[in-house]
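The values are calculated or read from the model by the stated rules, or taken from the named source; none is laboratory data. These figures come from a predicted structure and were not determined experimentally. Glycine also receives a Cβ, built like all others from the backbone with ideal geometry; neighbour counts cover every protein chain displayed. Accessible surface is based on the protein model in full, side chains and every heavy atom, while ligands, DNA and RNA are left aside. Shrake-Rupley method; radii C 1.70, N 1.55, O 1.52, S 1.80 Å.
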Amino acid sequence: MFVDVIVDILASETDKIFEYYAEDVSAGDRVRVPFGNTVKDGVVIRTKQNSDFDPSKIKKVLEKLDEVPALSEECLQLADAISKAYFVSKASALRLFLPAEMRRGTVREKFVKIAEYNAGDVSEALEALKKNAVSQRAALSFMSVQKRFRLTELNAKYGAGAVNGLVQRGLLRVVEEKNFRRPYEAMESGEKKVSLTFDQESVIRDIKETTKCVTLLHGVTGSGKTEVYLNLIKSVLDRGKTAILLVPEISLTPQMLKNLRGRFGDECAILHSSLSPGERFDEWWRLRTGEAKIAVGARSAVFAPLENLGLIVIDEEHDGSYQSESAPRYTTLEVALFRATYNKSKIVLGSATPSVETYKRAMEGEYNFTELKERVNKRPLPQVEIVDMRREVRRGNASVFSSALKAELKSVLENGHQAILFLNQRGYSKSVICTSCGYVPKCEACDVALTYHMEEGALKCHYCNAKYKMIEKCPNCGGEYLRYGGVGTQRVVGELKKLFPAARILRMDRDTAQSKEGHFKILGDFAEKKADILVGTQMIAKGHDFPAVTLVGILDADQSLHFSDYRSGERTFQLITQVAGRSGRAGEAGKVILQTYQPENNVLRLAVKYDYKSFYEHEIALRKATGFPPFTEIIRVLVSSEDDEKAKDALRGIYEKLSEKNIKNPSAFHYFGYMKAPIKKLQNKFRYQILMRVKTPAFKFTVQEVCAGYKMRGVFVSVEVNPQNLT
Ligand code: ADP
Ligand code: ZN
């Protein structure tokens with residue numbers, strides 16, 4: 001038979017389907033094929049009886065790579081849809097569905113040898129053995145009871161010689177079995193049995209009964225949304241179907257995994273970047289073969305190889321990480337919608353602070369809407385106190401901590417409670433400035449100020465990770481007085497130690513949480529009360545449930561308000577709600593101190609009252625008046641190149657082509673212009689952008705088409721729709 005194969009090469013010239021001859025393969029199989037003078041891997045997307053080509057010229061598939069097709073029919077269709085919707089090659093769309101380690105062939109399936117009892121009556125079998133073969137006799141008796149045992153362990157118990165003797169006599173048999181590496185094995189314990197609250201029951205009923213595909217579950221922090229998800233998943237499994245649970249990368253905590261493993265055991269597989277390649281590979285196959293029925297993971301788990309999907313949950317749906325920031329730039333919800341349509345399954349979006357787009361759809365009836373208005377057991381939401389930092393400065397307090405926060409920290413320490421301090425800047429200081437000439441050290445490859453990391457005595461670029469030695473005096477004027485601009489987590493820890501020498505402090509940011517252990521260890525230690533204060537970046541903002549935390553300090557609430565981005569109000573509201581939600585989750589009432597230089601800011605005022613509804617109304621009116629999403633779509637074409645002239649040429653070319661469209665239909669545009677990107681240079685590439693706000697969503701396809709036809713050597717062109725980040 002003939003097969004259509006997509007060969008795993010990303011070059012756009014080879015974005016074609018190739019024909020081969022094969023026996024015994026099916027659609028979805030990964031195969032190895034001859035390609036030019038080399039050998040490549042590919043995926044069979046179709047089998048057929050006839051070919052339009054001369055059959056003698058068609059090459060043969062060399063090898064089938066897996067026992068079962070790696071991709072289901074649904075995944076093949078979805079890959080095709082993705083390559084069309086996001087203008088990416090078929091090969092790169094397919095890559096989304098296959099774990100990287102599988103493509104590289106670096107991980108193989110792991111087999112273990114199992115010894116099986118292969119004799120009938122044990123006393124008869126023992127007769128056949130010599131009286132003095134003590135080990136053999138013992139091993140045989142043991143196996144007559146055990147029936148099956150790991151060979152290595154049996155060897156360790158009775159000696160390999162004895163075991164081998166039994167095998168040679170045919171009294172034991174050795175078989176090979178696939179052995180799945182299981183991540184987080186040690187965590188399987190402690191399932192909490194809970195009976196649902198009345199509100200949870202009614203939310204679950206509502207989601208089961210709705211005829212709409214998507215439900216928005218708006219539930220305040222600590223309202224027990226996770227319990228709702230787990231219940232829905234359970235009933236989906238009871239109906240013989242499968243489920244995907246998506247969470248933001250950073251909230252995939254040990255606690256959550258423990259809950260899931262406790263509840264669902266081996267039926268649950270985890271797809272997460274912090275797993276070892278071997279673990280990820282095995283978890284993937286457990287899902288593909290149907291051994292596991294629930295996939296849990298960050299964004300990319302939406303591609304989990306499950307069949308017969310009944311439910312997709314997207315927890316913290318507003319989180320920016322659900323949008324892919326590198327090609328293919330897919331939106332998780334769009335992929336989920338495709339899968340839900342294919343499988344006739346449901347989608348649940350959960351959040352305490354839904355994105356404005358999602359909430360609008362729910363209010364307009366496109367999505368089903370349901371709410372959990374109170375915390376479980378009616379615990380109050382923590383009280384938030386706004387502290388005006390301008391007044392602190394006027395009173396002569398120039399430190400990072402307001403006097404109110406100092407007092408609260410003191411009382412937390414005295415009472416043996418815990419506190420979380422949040423700020424969105426890692427390192428010691430955001431930048432370093434020469435007080436005499438104003439010089440600011442910048443990265444050589446990027447047009448950004450360097451961040452001072454005191455622990456390493458280094459200046460680091462947070463965009464390209466380049467590291468420079470800390471300067472002792474200004475290289476520009478020789479001035480010896482350097483000022484630190486903008487406080488980072490390292491500095492906060494330093495000042496805390498001065499204030500409270502006895503306090504035990506942990507820090508969690510990208511620098512301390514590099515590895516899986518780092519991340520989990522810090523959270524685990526804090527949960528076990530091995531520390532009194534946790535200082536961290538947005539990594540600690542969500543998901544975590546620390547019962548002893550009674551105080552949360554938001555050190556610089558203004559930081560996110562300054563983003564020159566239409567989402568900054570929304571982000572600030574979300575961040576404050578999430579961080580505040582970490583306080584007072586158990587018995588003790590919680591408190592939040594929010595430090596700001598603009599206490600009159602409307603978003604802050606609504607956030608401290610947890611008034612999402614008013615925030616939404618204020619925000620949606622603003623977006624409508626100014627013509628921002630969801631009333632328009634922002635399209636950004638980013639052009640970058642190491643050659644400044646080439647970048648400008650490409651930019652001009654694309655801009656002119658798009659202008660023609662603009663002239664034909666000016667009313668479709670709310671805004672159209674080109675400029676340097678906010679960061680003018682990144683990793684030695686000069687960056688320019690064309691920004692558009694358009695009223696017709698389909699216009700992005702035109703833009704993609706124009707850009708696709710504009711390829712030049714050494715110039716990178718990308719099209720982003722409503723990007724999370726406009727740097
Ligand atoms: P959310 O995700 O909405 O912020 P969680 O799911 O983390 O809230 O739940 C908050 C806390 O309430 C957790 O400690 C959870 O174990 C507990 N909880 C949830 N549902 C119940 C219930 N029905 N009875 C008792 N405790 C519950
Ligand atoms: Zn850099």
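A few remarks follow.
- Within region 109-137, the residues that satisfy the criterion of being open to solvent by less than 40 Å² (accessible area, probe 1.4 Å) and in contact with a helix residue (DSSP H, G or I) (Cβ under 7 Å, 6 or more places away or on another chain) are 114, 115, 117, 119, 125, 126, 129, 136.
- When 278, 290 are checked against the criterion of being touching a Lys or Arg at 6+ places or on another chain (Cβ under 6 Å) and not hydrophobic (A, V, I, L, M, F, W, C), a single residue qualifies: 278.
- Extreme residue, nearest to residue 424 (Cα to Cα), among residues of region 476-495 that are open to solvent by 50 Å² or more (accessible area, probe 1.4 Å) and touching a residue at least 40 places away in the same chain (Cβ under 8 Å): 491
- Taking the listed residues 241, 258, 234, the one that is without any contact (Cβ under 8 Å) to a residue 40 or more places away in the chain and not aliphatic (A, V, I, L, M) is 234, with no other qualifying.
- In region 48-55 there is at least one residue that is at pLDDT 90 or above, more than 24 Å from residue 336 (Cα to Cα) and touching a Phe, Trp or Tyr at 6+ places or on another chain (Cβ under 6 Å).
- Residue check for residue 676: touching a helix residue (DSSP H, G or I) at 6+ places or on another chain (Cβ under 8 Å) and open to solvent by 80 Å² or more (accessible area, probe 1.4 Å): no
- Taking (1) within 18 Å of residue 239 (Cα to Cα); (2) open to solvent by 30 Å² or more (accessible area, probe 1.4 Å) in turn, residue 347 satisfies each apart from (2).
- Scanning region 679-694 for residues that are away from ligand 2 (no atom under 16 Å from the Cβ) and surrounded by fewer than 16 Cβ atoms within 10 Å (Cβ to Cβ) returns no hits.
- Every residue from region 445-461 that is open to solvent by 40 Å² or more (accessible area, probe 1.4 Å), free of Cβ contacts under 8 Å to residues at least 24 places away in the same chain and either within 18 Å of residue 480 (Cα to Cα) or within 9 Å of ligand 2 (Cβ to nearest atom) (or both): none
Matching residues to (1) in contact with a helix residue (DSSP H, G or I) (Cβ under 8 Å, 6 or more places away or on another chain); (2) at pLDDT below 85:
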position	(1), (2)
195	no, no
206	no, no
209	no, no
237	yes, no
277	yes, yes
280	yes, yes
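- When the residues of region 539-554 are filtered to those that are touching a helix residue (DSSP H, G or I) at 6+ places or on another chain (Cβ under 7 Å) and open to solvent by 10 Å² or more (accessible area, probe 1.4 Å), the one that is nearest to ligand 2 (Cβ to nearest atom) is 539.
For every residue, the table says whether it meets (1) outside the structural domain of residue 328 (by TED's automatic domain parsing); (2) touching a Gly at 6+ places or on another chain (Cβ under 8 Å); (3) not in a loop (DSSP other than H, G, I, E, B).
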{"site": "41", "(1), (2), (3)": "yes, yes, yes"}
{"site": "47", "(1), (2), (3)": "yes, no, yes"}
{"site": "53", "(1), (2), (3)": "yes, no, no"}
{"site": "67", "(1), (2), (3)": "yes, no, no"}
{"site": "71", "(1), (2), (3)": "yes, yes, no"}
{"site": "76", "(1), (2), (3)": "yes, yes, yes"}
{"site": "79", "(1), (2), (3)": "yes, no, yes"}
{"site": "87", "(1), (2), (3)": "yes, no, no"}
{"site": "94", "(1), (2), (3)": "yes, no, yes"}
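- Unique residue being in contact (Cβ under 8 Å) with a residue 60 or more places away in the chain and open to solvent by 70 Å² or more (accessible area, probe 1.4 Å) when the list is 408, 374, 357, 364: 374
- Number of the condition not met by residue 379 [criteria: (1) surrounded by 18 or more Cβ atoms within 10 Å (Cβ to Cβ); (2) within 16 Å of ligand 1 (Cβ to nearest atom)]: (1)
- Scope region 462-485; condition of a type in the set (Ser, Thr, Tyr), modelled with pLDDT of 90 or more and within 16 Å of ligand 2 (Cβ to nearest atom); matching residues: 468
- Meets criteria (in a helix (DSSP H, G or I) and free of Cβ contacts under 8 Å to residues at least 60 places away in the same chain) for residue 473: no
- If you go through region 15-39 and keep only what is in a loop (DSSP other than H, G, I, E, B), open to solvent by less than 60 Å² (accessible area, probe 1.4 Å) and in contact with a strand residue (DSSP E or B) (Cβ under 6 Å, 6 or more places away or on another chain), you end up with 22, 25, 27, 29.
The rows are residues; the columns are (1) in contact (Cβ under 8 Å) with a residue 40 or more places away in the chain; (2) surrounded by fewer than 18 Cβ atoms within 10 Å (Cβ to Cβ); (3) under 23 Å from residue 700 (Cα atoms); (4) among the charged types (D, E, K, R).
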position: 570; (1), (2), (3), (4): yes, no, no, yes
position: 587; (1), (2), (3), (4): yes, yes, no, no
position: 611; (1), (2), (3), (4): no, yes, no, yes
position: 634; (1), (2), (3), (4): yes, no, yes, no
position: 644; (1), (2), (3), (4): yes, yes, no, yes
position: 650; (1), (2), (3), (4): yes, no, yes, no
position: 657; (1), (2), (3), (4): yes, yes, yes, yes
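- Residues of region 488-525 satisfying the condition of being part of a strand (DSSP E or B) and closer than 20 Å to residue 407 by Cβ: 505
- Looking only at residues in region 424-444 that are without any contact (Cβ under 8 Å) to a residue 40 or more places away in the chain and surrounded by 18 or more Cβ atoms within 10 Å (Cβ to Cβ), the one that is nearest to ligand 2 (Cβ to nearest atom) is 443.
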